Amino acid sequence: MKLKAFAKINLGLDVVGKREDGYHEVRMIMQTVGIFDRLELKESSEPGIHVSTNLSFLPNDENNLVYKAAKLLMQEKGIEEGLSIRLDKHIPVAAGMAGGSSDAAAVLVGVNKLFHMGFSTGELMERGVKIGADVPYCVMRGTALSEGIGEILTPLAPMPDCHILVAKPPVNVSTKFVYENLCLDTIEKHPDIDGMAQAVGRGNLLEIVERMGNVLESVTEKNYPVIRDLKTFMKDRGALGALMSGSGPTVFGIFQDLSSARKACDDLRKTEMARQIYLTAPVNRKTESEKGDV
Ligand code: ATP
């Protein structure tokens with residue numbers, strides 16, 4: 001069984017509180033984009049779960065989220081057959097694009113089908129949150145409002161057509177470091193998440209972009225000025241807006257005009273600011289059609 005696991009960007013990311021268990025309460029506008037990992041699931045004569053990937057630095061044992069996802073469902077249903085999982089990664093790793101969560105979500109969907117488990121989408125989403133806060137959203141895909149720790153999801157109308165330039169600078173940002181260094185009391189400007197959800201409902205790209213904001217940028221930009229440089233670079237070349245995704249360091253720019261987006265992409269490739277650069281587009285839940293070049 002072949003599957004695609006799509007990346008996400010955050011058009012808006014606000015942190016509204018911290019729970020006693022240490023999790024942060026967030027309000028985010030999520031959008032699936034056409035950058036994806038490929039997965040292949042096969043029943044295997046060897047018992048157990050066997051993971052192989054194209055990236056030597058990724059774990060291929062129970063620390064890989066695809067292993068965790070398969071184990072979670074197979075244990076619950078008492079399935080003892082062997083399973084092999086081949087993962088070809090294209091989504092930048094540890095980048096704020098939910099790559100691992102999306103792989104896990106694809107495996108939940110795939111294993112459910114392969115072994116005829118009969119879980120509904122909602123049941124897969126409930127189980128997914130045990131693996132990671134973004135996993136339920138990655139099962140759902142498309143444009144959505146995400147609240148709580150990421151498990152309270154409200155589907156929104158599809159994002160209007162546009163071109164999205166995605167660039168991952170060559171710096172490593174730990175999600176833990178970013179949240180630990182976020183001082184909730186001193187956040188100067190919270191993005192207008194409700195206003196953005198309404199703008200999505202109206203299908204108005206300019207109104208969406210005007211409201212883009214990510215409170216985690218205050219932490220990462222201080223430590224990694226390349227994030228601010230990338231945003232400026234994209235805006236100077238015609239992006240309607242540019243923002244860091246998740247806890248970073250990936251930056252994306254929204255373009256209405258394809259030729260400006262292509263030119264910005266070509267110009268960016270000539271710099272040292274980012275090595276992983278993609279020109280892509282929104283993927284929506286309904287058709288799950290992959291638009292754009294990956
Ligand atoms: P998020 O946007 O949800 O914060 P992320 O893009 O920051 O996600 P991921 O790429 O999902 O981060 O993974 C971060 C870490 O998780 C990696 O350092 C890696 O070792 C581990 N990991 C486990 N399984 C996977 C997987 N299938 N793909 C990527 N990373 C994985």
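Every read-out reported here was derived from the displayed coordinates using simple, explicitly stated rules and does not represent laboratory data. These figures come from a predicted structure and were not determined experimentally. All Cβ positions, glycine included, derive from the backbone under ideal geometry; neighbour counts span all protein chains shown.
Observations
- Degrees, to the nearest 10: 193-202 long Cα axis against longest axis of the chain: 90 degrees
- For the peptides 28-36, 181-189, 50-58, the ranking by packing is 28-36, 50-58, 181-189, with the highest mean count of neighbouring Cβ atoms within 10 Å listed first.
- With a simple spin-label model that places each label point 7 Å from the Cα along the Cα-to-Cβ direction, the separation between residue 177 and residue 154 comes to 3.5 nm.
- The alpha-carbon atoms of the range 127-223, seen along their principal axes, cover 36, 35, 30 angstrom, with the largest extent given first.
- Zone residues, the range 221-236, relative to residue 94, backbone N less than 20 Å from point 7 Å out along Cα-to-Cβ: 221-228
- When the C-alpha to C-alpha distance is required to be over 32 Å, the pairs from 113/231; 8/263; 130/235; 176/231; 18/222; 113/168 that qualify are 113/231; 130/235; 113/168.
- Two numbers describe the Cα atoms of the range 163-280: Rg and Dmax, which are 14.5, 42 Å.
- Between 0 and 90°, nearest 10: helix 226-236 axis offset from the chain longest Cα axis: 60 degrees
- Efficiency of FRET from Cβ geometry, residue 223 and residue 44, R₀ 51 Å, rounded to 0.05: 0.70
- For the range 2-156, the relative contact order comes to 27 percent (Cα pairs under 8 Å, sequence separation of at least 6).
- Reachable aspartates and glutamates from residue 2, criterion Cα separation under 14 angstrom, eight or more residues apart if same chain: 37, 40, 43, 88, 103
- Semi-axis lengths, Å, the range 2-156, gyration tensor of Cα atoms, sqrt of 5 times eigenvalues: 26, 17, 14
- Model label sites at residue 86 and residue 266, defined 7 Å from Cα along the beta-carbon direction, differ in position by 3.6 nm.
- Gain in span if fully extended, residue 16 to residue 206, counting 0.36 nm per residue against the direct Cα distance: 65.9 nm
- Projecting label points 7 angstrom from Cα along Cα→Cβ for residue 126 and residue 188 puts them 4.5 nm apart.
- All-pairs Cα distance distribution in the chain, expressed in whole percent, bin size 10 Å: 6, 29, 35, 22, 7, 1
- Degrees separating the helix 258-269 axis from the principal Cα axis of the chain, which is the longest one: 80 degrees
- Straight-distance candidates among the aspartates and glutamates for linking to residue 189, with alpha-carbon spacing under 19 Å and chain neighbours fewer than 8 residues away dropped: 14, 25, 147, 180, 207, 210, 217, 221.
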